[in-house]
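The values are calculated or read from the model by the stated rules, or taken from the named source; none is laboratory data. Please read these numbers as outputs of a predicted model, since none were measured by experiment. With ideal geometry, Cβ positions are generated from the backbone for all residues, glycine too; neighbour counts draw on all protein chains shown. Heads up: the accessible areas ignore ligands, DNA and RNA and are worked out on the full protein's heavy atoms, side chains in. Shrake-Rupley method; radii C 1.70, N 1.55, O 1.52, S 1.80 Å.
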Amino acid sequence: FRYKDSLAEDMRRADLVISHAGAGSCLETLEKGKPLVVVTNEKLMDNHQLELAKRLHRGGHVLYCNCSTLVETLQSMDLSTLKPFPPGHPEKFALFLDKVVGFQ
Amino acid sequence: TGGHTTEILRLLSCLSESYSPRHYVFAHSDKMSEAKIRSFEEKRADSQFTLDCIPRSREVRQSWISSVVTTLYSILHSLRLIYKRKPDLILCNGPGTCVPVCLSALLLGLLGMKRAIIVYVESICRVETLSLSGKILYYFSDHFLVQWPDLKDKYPKSVYLGRIV
(Lines give C-alpha, C1' and ligand atoms only; values in the text may rest on other atoms or scores of the structure.)
Protein backbone atom coordinates (compact mmCIF):
# COMPACT_ATOMS: atom_id res chain seq x y z
CA PHE A 1 0.00 0.00 0.00
CA ARG A 2 1.13 3.54 -0.52
CA TYR A 3 -0.43 5.26 2.46
CA LYS A 4 -2.66 4.20 5.29
CA ASP A 5 -4.27 6.48 7.79
CA SER A 6 -2.65 4.55 10.55
CA LEU A 7 -0.01 1.89 10.78
CA ALA A 8 -0.85 1.18 14.39
CA GLU A 9 -2.48 -2.17 13.68
CA ASP A 10 0.31 -3.35 11.41
CA MET A 11 2.86 -2.32 14.02
CA ARG A 12 1.10 -4.11 16.80
CA ARG A 13 1.33 -7.36 14.88
CA ALA A 14 4.92 -6.91 13.75
CA ASP A 15 7.99 -8.43 15.37
CA LEU A 16 10.39 -6.16 13.58
CA VAL A 17 9.98 -2.84 11.83
CA ILE A 18 12.24 -1.66 9.04
CA SER A 19 11.72 1.98 8.29
CA HIS A 20 13.11 5.15 6.81
CA ALA A 21 14.42 7.75 9.23
CA GLY A 22 11.24 9.84 9.43
CA ALA A 23 10.67 10.98 12.98
CA GLY A 24 7.05 9.88 13.11
CA SER A 25 7.87 6.38 11.93
CA CYS A 26 10.78 6.01 14.31
CA LEU A 27 9.01 7.36 17.35
CA GLU A 28 5.77 5.50 16.77
CA THR A 29 7.68 2.23 16.44
CA LEU A 30 9.85 2.81 19.50
CA GLU A 31 6.86 3.74 21.59
CA LYS A 32 5.18 0.48 20.73
CA GLY A 33 8.31 -1.24 21.94
CA LYS A 34 9.06 -2.86 18.60
CA PRO A 35 12.62 -3.40 17.45
CA LEU A 36 13.47 -0.96 14.69
CA VAL A 37 15.98 -0.98 11.88
CA VAL A 38 16.33 2.46 10.36
CA VAL A 39 17.40 2.59 6.73
CA THR A 40 18.81 5.85 5.56
CA ASN A 41 19.57 7.03 2.08
CA GLU A 42 21.95 9.89 2.49
CA LYS A 43 21.70 10.86 -1.15
CA LEU A 44 17.94 11.32 -1.21
CA MET A 45 17.17 12.52 2.26
CA ASP A 46 17.20 15.88 3.88
CA ASN A 47 20.19 15.71 6.14
CA HIS A 48 18.24 16.61 9.20
CA GLN A 49 16.40 13.32 9.21
CA LEU A 50 19.68 11.65 9.91
CA GLU A 51 20.24 13.60 13.11
CA LEU A 52 17.46 11.83 14.93
CA ALA A 53 18.28 8.41 13.51
CA LYS A 54 21.91 8.79 14.50
CA ARG A 55 21.03 9.99 17.99
CA LEU A 56 18.64 7.10 18.48
CA HIS A 57 21.33 4.75 17.29
CA ARG A 58 23.90 6.26 19.62
CA GLY A 59 21.48 5.73 22.46
CA GLY A 60 21.19 2.08 21.50
CA HIS A 61 17.52 2.33 20.66
CA VAL A 62 17.61 1.39 16.98
CA LEU A 63 19.73 -0.46 14.46
CA TYR A 64 20.94 1.72 11.67
CA CYS A 65 22.04 1.02 8.13
CA ASN A 66 21.68 2.18 4.55
CA CYS A 67 20.10 0.48 1.53
CA SER A 68 23.22 -1.41 0.56
CA THR A 69 23.96 -2.74 4.04
CA LEU A 70 20.38 -3.68 4.91
CA VAL A 71 20.62 -7.36 4.10
CA GLU A 72 23.85 -7.75 6.04
CA THR A 73 22.34 -5.91 9.00
CA LEU A 74 19.28 -8.13 9.02
CA GLN A 75 21.40 -11.23 8.86
CA SER A 76 23.74 -10.29 11.68
CA MET A 77 21.52 -8.29 13.99
CA ASP A 78 21.07 -8.95 17.68
CA LEU A 79 17.83 -7.33 18.75
CA SER A 80 18.41 -8.02 22.42
CA THR A 81 20.99 -5.23 22.47
CA LEU A 82 18.35 -2.61 21.78
CA LYS A 83 17.40 -0.40 24.70
CA PRO A 84 13.82 0.71 25.29
CA PHE A 85 13.02 4.30 24.42
CA PRO A 86 11.40 6.29 27.22
CA PRO A 87 8.23 8.21 26.30
CA GLY A 88 7.93 11.96 25.88
CA HIS A 89 6.08 14.12 28.38
CA PRO A 90 3.46 16.34 26.79
CA GLU A 91 2.11 17.02 30.27
CA LYS A 92 5.27 19.04 30.99
CA PHE A 93 4.48 21.14 27.97
CA ALA A 94 0.91 21.63 29.18
CA LEU A 95 2.19 22.86 32.56
CA PHE A 96 4.63 25.21 30.87
CA LEU A 97 1.99 26.59 28.53
CA ASP A 98 -0.50 27.10 31.34
CA LYS A 99 2.06 29.32 33.08
CA VAL A 100 2.82 31.20 29.85
CA VAL A 101 -0.79 32.10 29.15
CA GLY A 102 -1.71 32.59 32.79
CA PHE A 103 -3.94 29.59 33.48
CA GLN A 104 -2.65 28.29 36.74
CA THR B 1 2.85 18.08 6.94
CA GLY B 2 2.70 14.57 8.44
CA GLY B 3 5.41 14.53 11.04
CA HIS B 4 4.66 18.04 12.20
CA THR B 5 0.97 17.29 12.52
CA THR B 6 1.66 14.28 14.68
CA GLU B 7 3.94 16.33 16.90
CA ILE B 8 1.49 19.19 17.23
CA LEU B 9 -1.32 16.83 18.16
CA ARG B 10 0.86 15.28 20.86
CA LEU B 11 1.70 18.70 22.20
CA LEU B 12 -2.02 19.39 22.36
CA SER B 13 -2.84 16.07 23.98
CA CYS B 14 -2.51 17.26 27.59
CA LEU B 15 -3.88 20.76 27.16
CA SER B 16 -7.02 21.62 29.08
CA GLU B 17 -10.36 22.66 27.56
CA SER B 18 -9.39 26.28 28.19
CA TYR B 19 -7.40 26.09 24.96
CA SER B 20 -10.45 26.47 22.78
CA PRO B 21 -11.40 27.01 20.03
CA ARG B 22 -8.46 25.49 18.18
CA HIS B 23 -7.68 26.78 14.72
CA TYR B 24 -5.54 24.43 12.69
CA VAL B 25 -3.58 25.83 9.78
CA PHE B 26 -1.93 23.65 7.21
CA ALA B 27 -0.71 23.73 3.64
CA HIS B 28 -3.12 23.29 0.73
CA SER B 29 -1.51 20.09 -0.44
CA ASP B 30 -1.76 18.24 2.86
CA LYS B 31 -4.65 15.78 2.95
CA MET B 32 -3.33 13.44 5.61
CA SER B 33 -3.02 16.17 8.20
CA GLU B 34 -6.69 16.99 7.90
CA ALA B 35 -7.60 13.37 8.61
CA LYS B 36 -5.29 13.17 11.62
CA ILE B 37 -6.65 16.38 13.07
CA ARG B 38 -10.27 15.30 12.69
CA SER B 39 -9.47 12.00 14.32
CA PHE B 40 -7.76 13.74 17.25
CA GLU B 41 -10.60 16.21 17.73
CA GLU B 42 -13.25 13.51 17.57
CA LYS B 43 -11.77 11.96 20.68
CA ARG B 44 -11.90 15.15 22.69
CA ALA B 45 -14.91 16.09 24.76
CA ASP B 46 -14.55 19.80 24.06
CA SER B 47 -14.19 19.71 20.30
CA GLN B 48 -14.33 23.25 18.99
CA PHE B 49 -12.01 23.61 16.08
CA THR B 50 -11.56 24.98 12.57
CA LEU B 51 -9.34 24.02 9.68
CA ASP B 52 -7.70 26.57 7.40
CA CYS B 53 -5.46 26.04 4.39
CA ILE B 54 -2.82 28.39 3.22
CA PRO B 55 -0.45 27.98 0.29
CA ARG B 56 2.96 26.57 1.17
CA SER B 57 5.53 29.32 1.44
CA ARG B 58 8.37 27.16 0.21
CA GLU B 59 8.93 23.63 -1.03
CA VAL B 60 12.03 21.86 0.24
CA ARG B 61 15.04 22.99 -1.77
CA GLN B 62 13.03 25.55 -3.74
CA SER B 63 15.23 28.32 -5.17
CA TRP B 64 15.64 31.45 -3.05
CA ILE B 65 14.23 33.78 -5.68
CA SER B 66 10.98 31.93 -6.21
CA SER B 67 10.75 31.34 -2.46
CA VAL B 68 10.50 35.10 -1.89
CA VAL B 69 7.52 35.28 -4.24
CA THR B 70 5.71 32.27 -2.78
CA THR B 71 6.43 33.45 0.76
CA LEU B 72 4.91 36.85 0.02
CA TYR B 73 1.86 35.11 -1.36
CA SER B 74 1.60 33.00 1.78
CA ILE B 75 2.02 36.11 3.93
CA LEU B 76 -0.99 37.71 2.25
CA HIS B 77 -3.08 34.65 2.97
CA SER B 78 -1.77 34.50 6.53
CA LEU B 79 -2.60 38.13 7.19
CA ARG B 80 -6.16 37.49 6.17
CA LEU B 81 -6.30 34.35 8.29
CA ILE B 82 -4.88 35.96 11.43
CA TYR B 83 -7.17 38.94 11.02
CA LYS B 84 -10.14 36.62 10.74
CA ARG B 85 -9.27 34.28 13.63
CA LYS B 86 -7.60 36.77 15.98
CA PRO B 87 -5.70 34.13 17.99
CA ASP B 88 -4.52 34.68 21.57
CA LEU B 89 -1.86 32.04 21.17
CA ILE B 90 -0.03 30.60 18.21
CA LEU B 91 1.63 27.22 18.61
CA CYS B 92 3.86 25.89 15.90
CA ASN B 93 6.26 23.08 15.34
CA GLY B 94 8.33 24.17 12.39
CA PRO B 95 6.89 23.55 8.94
CA GLY B 96 7.52 26.43 6.50
CA THR B 97 3.83 27.18 6.73
CA CYS B 98 4.27 28.60 10.22
CA VAL B 99 6.68 31.42 9.37
CA PRO B 100 4.25 33.62 7.42
CA VAL B 101 1.55 32.91 10.00
CA CYS B 102 3.76 34.08 12.86
CA LEU B 103 5.12 37.06 10.95
CA SER B 104 1.57 38.08 10.08
CA ALA B 105 0.58 37.90 13.73
CA LEU B 106 3.54 40.11 14.66
CA LEU B 107 2.71 42.58 11.92
CA LEU B 108 -0.94 42.82 12.86
CA GLY B 109 0.10 43.15 16.48
CA LEU B 110 2.26 46.13 15.57
CA LEU B 111 -0.69 47.64 13.73
CA GLY B 112 -2.83 47.56 16.83
CA MET B 113 -4.59 44.20 16.73
CA LYS B 114 -4.57 41.97 19.83
CA ARG B 115 -1.08 40.56 20.11
CA ALA B 116 -0.85 36.78 19.95
CA ILE B 117 1.70 34.94 22.10
CA ILE B 118 3.93 32.92 19.80
CA VAL B 119 5.17 29.59 21.14
CA TYR B 120 7.49 27.65 18.89
CA VAL B 121 8.41 24.05 19.67
CA GLU B 122 11.24 22.79 17.50
CA SER B 123 10.63 19.33 16.13
CA ILE B 124 11.98 16.28 17.94
CA CYS B 125 13.91 15.52 14.72
CA ARG B 126 16.11 18.48 15.35
CA VAL B 127 18.85 17.19 17.60
CA GLU B 128 21.83 19.35 16.74
CA THR B 129 20.65 21.99 14.31
CA LEU B 130 17.54 24.13 14.03
CA SER B 131 15.23 24.04 11.05
CA LEU B 132 15.07 27.13 8.86
CA SER B 133 11.75 28.03 10.48
CA GLY B 134 13.39 27.63 13.86
CA LYS B 135 16.32 29.85 12.94
CA ILE B 136 13.91 32.60 11.90
CA LEU B 137 11.41 32.26 14.71
CA TYR B 138 14.09 31.99 17.42
CA TYR B 139 14.21 35.77 17.18
CA PHE B 140 10.50 36.41 16.70
CA SER B 141 8.77 33.99 19.04
CA ASP B 142 7.89 34.69 22.65
CA HIS B 143 8.82 31.21 23.81
CA PHE B 144 11.09 28.89 21.90
CA LEU B 145 11.30 25.25 22.99
CA VAL B 146 13.83 22.66 21.98
CA GLN B 147 13.74 18.97 22.73
CA TRP B 148 17.41 18.02 22.88
CA PRO B 149 20.05 19.44 25.19
CA ASP B 150 22.59 20.24 22.43
CA LEU B 151 20.20 22.84 21.09
CA LYS B 152 19.68 24.40 24.49
CA ASP B 153 23.43 24.97 24.67
CA LYS B 154 23.57 26.50 21.21
CA TYR B 155 20.48 28.64 21.63
CA PRO B 156 20.53 29.98 25.17
CA LYS B 157 17.21 31.82 24.93
CA SER B 158 15.45 28.53 24.28
CA VAL B 159 13.53 26.50 26.83
CA TYR B 160 14.38 22.84 27.33
CA LEU B 161 11.81 20.62 29.02
CA GLY B 162 13.15 17.35 27.67
CA ARG B 163 11.10 15.40 25.16
CA ILE B 164 7.56 16.62 25.09
CA VAL B 165 6.10 14.64 22.19
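Having 1 or more residues that are touching a Phe, Trp or Tyr at 6+ places or on another chain (Cβ under 8 Å) is the bar; report the strands (runs of 3 or more DSSP E) wholly within the stretch A:1-89 that clear it.
Of the strands (runs of 3 or more DSSP E) lying wholly inside the stretch A:1-89, those with at least 1 residues that are touching a Phe, Trp or Tyr at 6+ places or on another chain (Cβ under 8 Å) span A:36-40.
Starting from residues that are of a type in the set (D, E, K, R) and in contact (Cβ under 8 Å) with a residue 12 or more places away in the chain, keep the ones in the stretch B:104-148 and report whichever is farthest from the other protein chains (Cβ to nearest Cβ).
Ranking the candidates gives B:Lys114 first.
Which ones in the stretch A:15-27 are within 11 Å of chain B (Cβ to nearest Cβ) and in contact with a helix residue (DSSP H, G or I) (Cβ under 7 Å, 6 or more places away or on another chain)?
Matches in the stretch A:15-27: A:Ala21, A:Gly22, A:Ala23, A:Gly24, A:Cys26.
Output the number of the condition that A:Glu91 fails; it satisfies all remaining conditions of (1) facing another protein chain (nearest Cβ under 10 Å); (2) over 15 Å from the mean Cα position of the chain (by Cα); (3) open to solvent by less than 40 Å² (accessible area, probe 1.4 Å).
(3)
Taking only the stretch A:31-59 into account, find how many residues are touching a helix residue (DSSP H, G or I) at 6+ places or on another chain (Cβ under 7 Å), modelled with pLDDT of 85 or more and loosely packed, with under 14 Cβ neighbours inside 10 Å.
0
In the stretch B:2-25, what residues are crowded, with 19+ Cβ neighbours inside 10 Å, outside any helix (DSSP H, G or I) and within 14 Å of the chain's Cα centre (by Cα)?
B:Arg22, B:Tyr24, B:Val25
From the list B:Ser74, B:Ser47, B:Ser63, B:Ser18, which one is within 14 Å of chain A (Cβ to nearest Cβ) and of a type in the set (S, T, N, Q)?
Only one candidate qualifies: B:Ser18.
I need the full set of residues from the stretch B:26-75 which are in contact (Cβ under 8 Å) with a residue 40 or more places away in the chain and either of a type in the set (Phe, Trp, Tyr) or open to solvent by less than 70 Å² (accessible area, probe 1.4 Å) (or both), in order please.
B:Phe26, B:Ala27, B:Ile54, B:Ser57, listed by residue number.
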